[in-house]
1. Cα gyration tensor of the range B:1-99, axes a ≥ b ≥ c as square roots of the eigenvalues: rounded (a/c below 1.5), prolate (a/b > b/c) or oblate?
2. Could you work out, residue by residue across A:501-508, how many beta carbons of other chains sit within 10 Å of that residue's beta carbon, and then give the average as an integer?
3. Starting from the Cα of residue A:3, move 7 Å in the Cα-to-Cβ direction to define the label point; list residues of the range A:186-208 whose amide nitrogen is under 17 Å from there.
4. Could you give the nm distance between label points at residue A:90 and residue A:389, where each point is 7 Å from its Cα heading toward the beta carbon?
5. Working from Cα positions, state the angle (0 to 90°, nearest 10) between the long axis of helix B:336-345 and the longest principal axis of chain B.
6. Give me the one-decimal nm value for the distance between modelled label points at residue B:356 and residue A:364, 7 Å along each residue's Cα-to-Cβ direction.
7. Taking the label point as lying 7 angstrom from Cα along the Cα-to-Cβ axis, what are the distances from residue A:134 to the corresponding position in the remaining copies, in ascending order and in nanometres?
8. Given R₀ = 22 Å, what would the calculated FRET efficiency be for residue B:408 paired with residue B:431, taking r from the Cβ atoms and rounding to 0.05?
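What follows is calculated from the coordinates using simple rules that are stated; it is not laboratory data. Treat the numbers as computed from the prediction; the structure is a model and nothing was measured. A quick note on method: Cβ atoms are made from the backbone with ideal geometry, for glycine too, and the neighbour counts reach across all protein chains shown.
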C-alpha cells in the first residue's frame, strides 16, 4: 500500500450537520488535536465568509502545527468573470494557507440546472480558477462535486472536468460522492476509468453515508489507487453525515496495512473522537466502531469467558491500540470472573467469595429491575458498600416533593429534604422545573457547602424506563442518570414503583460516586483519555 | 439479480445491545410490523430460555402472519451427547416454528479455545444437530459463527463446518462475521471459495458493524451470489451493532435492482424503523440513512434551490419511496394529504384549509417536542378540537401531587384534583404507588360515576423520554401512554419541562380519547398496520 493522506473536513463540511457550532477558539482546539493525532490536511473553511472564520484564520496563521497543513476552502470563479478579479479567489490567494481546495461541478445535471452555465464555461471556471491560485503560489486540490453521479450521467464530461483542473495545475483531484448515494461497485468502476484516463494523477475520495457505505466507498477507492481520504471526526455532516475519519484511520491502518500513524498517535483515536464530541456538545455514540463505549463491551457469559481465554475470539482488534478499553457488562448473565475483573478496574481486591456475594446481590437486584450495564457508577458503589468500608456522604431522614398545577395554569414544584451530615441536621427546600430538578437543587444546597467539589458535578443525561409497561402507571420505574465532573462520565441507577423515589436513588448514587476519592480512576476508562490530549 | 430473502434478527441478536428489553407483547408487535413490511424470516429467539420467551412463542403460535415465517434459534448439541437427547434441540424440535437456525462454530480458534472439543466433534455437533431437526420436520439454517475469521485462519476447516451442515440437510448456510472485523475485500474472497466448494448451496450473510462496513459487507456478499441477508431494525445489537436491515432493504431494492417489497410496503420503511425505536424507548437516529429525520434535510440555500430545480441534484432517491420526506419539520407526517386521510379515518371531514391549519399546529407542537407517530389518540383529539365542536370530559381547576419519603423509610404518594363536570365541582384525593398512578385514581374517582365506561379503560403502557438529554434533569420530558378498553389500543402524549405535568396531559388525553363516541373506530388506525399485515 502506498502512503495515504488523511484530509479532515470536520470544520467545514462537518458543520453542515444540524445544530452544530463551534467558536473560533474551539475550532483551533480541534485543529491542534487533529494535528496531534497526525492528520495531514485540515480544511478550516473559507477565510472570509464571516467574522468567525476570519478570526479562525488569524489564529491559525500564528499557530505552529507539527504534521497538519491548513487548507482554505472556496469555490471556482463566478461565471464570466476573470479569475484574478473574482473576490472569493482573491481572498484565497491572499490567505496564509499553503493549500486551497476548490469545489467545482463535475456533473452535467448541476452545470445545467444549478450553476446554469454552458458546459464549456464550467470547464473554463475550473481551469482558470485552479491556474490563478497556482500562479499565486498555492497548491490546489479540486473537489469534483457530484463526480460519481455526474460520471453515471455523462462519463466523458465528468472526466473533462477533472482534466480541466489537472491542466490548470491542480495537485490532486478529489472525487466526491456528494449526495452519498453510491455503492462500492460504482466507485470501483468509475475509478478504473479515471485511473486510465488520467494516469499518474494524484486522486482523493470524499464520501457521504446516505447509503450506509461511506466507509466502504472510501476504502474501495483506496484499493483502486486513491491516495487521499477525506472525512470528518465521528462522521458528522449534513443529512446522514460524511465518512467517519476515525473509522477510516483504524480500518486503513489496522485492516489494510497502511502505515498512517505511529502507534502512540493511533492510541489517541478514542480520546480525539470524544473530545470533538465534547466540543460540539454531542453525546458520543456508544456504538461507534473502534472508539464507542460499547465497541468492546462483552455481555453474555460465554463471550466474556472466551475473551479471557483468548481476546481474539470475540474482539476484532486489541482495543488498547486505538485507546479504547474492554468493558465487561455486568448482568445476571455474567459470572464471578467478570465481577473480579470489574472490581480490579475499580481498585477493589475481590476474592471468589466476595465475587459470589456480589453476583448474588446483582442477580437479586436485576430481578427487581436494576440493570447495571449503563450504571457503572452504581455498580462500583455497590461493590464498595459490599466491602464494608464505605462511608456515605450523608444520612437521609426524609424528603418531600410537591408538584401543583394551580388554578391559574402555572405548575409549581418544590422539594424539601432533611439529612444528617457529620452529626448535624440539614433541612433545605428548593424549587425546580420538575420534581427531580428540585430534589437535586435542595440536596446540593445542603451538602454543597461541606463538599464544594459537588458543584463541579453536572447531571448530563436522565433516562426513565417503565418496566413491565403492561401494568401502566402501576409499573416499576427504572431511572438512569449520567453525571460528569467535566473529565469523567459515570452512570447511576434507581428502581422503584415510585418514579420520584427511583429518581432520588439514582440522583444520590450519581453524587456519591462523583464525590468518592477513587472516582476518576474508575470512571477514567471512558475519558482518561481526554486529559492526555491537551498535554501534548 | 435473483430473489433475496430478508431475515430479521432484531428480537434475538439485536437484543444484545446494552439496555434493550421488550416484553413478549412488544415483541409480538415487532413481528406483526415486520410481517407488514414484508420481511421473510423473523428470528424470535430460543423458545424456552426464560418465561418471557415461552410467552412470546405461545403468542406467536396463535398469530396468523402474511409473509413472514417465525424462526426459532438455538445451538448445536452439547459435546458428547446424542442430538435426540439434547434438551435444547428437543425444545426446538417441539416448537411450532417451521424454521430453526442453529449456531455452530466455524473457526478452529473457537473450537479449541471456547468450545474446547476436537475438530471432529465440532463437525459432528453441527451435522448431528442439523440432521436431528431435519428429521423432526424442521427446515434448518446454519449460522456459521465466526466464519470469516475462521476462514482466514483455516479455510479448509471453515468449509468442512459448512459441509457438515449441508450433509445434515441444512436448507441454507449463513456466513457470519461475528466479530464484525471484516472488510468487503475479505468477504468477496471468501465467498468466491465457498461458492466453488459448495456449488448450488443456498447461502446467507450475517454481518456486524465493528469496522463500519456491515452494510457494504452484506451487499458484497449479495453480489457474490448470497441470497439471504440478515440484519436488525436500525442496526441494534451488541457492541457496534448488526447490519441495519432498514438500510439493506433500501440499498438492495433502490440501488441494486433487487425486487424485494411492493412499493406500498417499501413506503412503510420509515414508519417501521421509528416504531421499533419507539418500542425500545430509543431516540431514533436523525442521521440514519433513508429513514432518519435529517436524511433528506437540506440546509444550505444552494442545496434547497437545487432541489427545487430538480430533486435529483441533491437527493440520491425520492424520500417518499421509503416513507420519508424532504421537509424536516413535517417529517413525522407526510403532508396535508395524510392529515386529510387521518381525519377521514376518524370520521372528520377535513378540507385543504383545515389540513393546513392542523399541519401548522402539528409542526409547531413537534418543534416543542411532541411526536404523534405513537400518539394517534392525541392527534385525533387535536383534530377534533380544531373542528371547534369538541366537548371536553371536564374542566380542570387544579391538581396537586405530594410524594414523601418518610423518616421510617416508607414512600407515600397522594394526589388531589379539583375539576368541574357539568357545572359541578369535584374535589378528590387518592393515594397511589407513584405520582401518575395517584392522579389517575383521583381523576377516575371524580368522573367514574358520571362516565362508568371509564372503568373499562386501562393504562397498558407508560413511557418516558427525556428530550435534549444533555440538559439532565432540566430537560423537556415526553410521556407516552397507551390505553385500552379491551378492544382498541390508543396512544396519547404529553410534553412539559415537568415530568408530572407531562404525565398528566398524556393521562387526560388517554381518558378523553377513550370516552369519545367515535373512539373505537379511530383507534383502529393505530393497529391498522399490524392488523393489515396479518390479513395478507
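1. Values: a/c = 1.68, a/b = 1.38, b/c = 1.22.
Prolate.
2. Per-residue shielding by partner chains comes out at 2.
3. Within reach of a label on residue A:3, which here means backbone N under 17 Å from a point 7 Å along Cα→Cβ, the range A:186-208 contributes A:201-204.
4. Those two pseudo-labels are separated by 7.3 nm.
5. The angle comes out at about 80 degrees.
6. If labels sit at residue B:356 and residue A:364, their model points lie 6.6 nm apart.
7. 6.6
8. Result of the calculation: an efficiency of 0.85.
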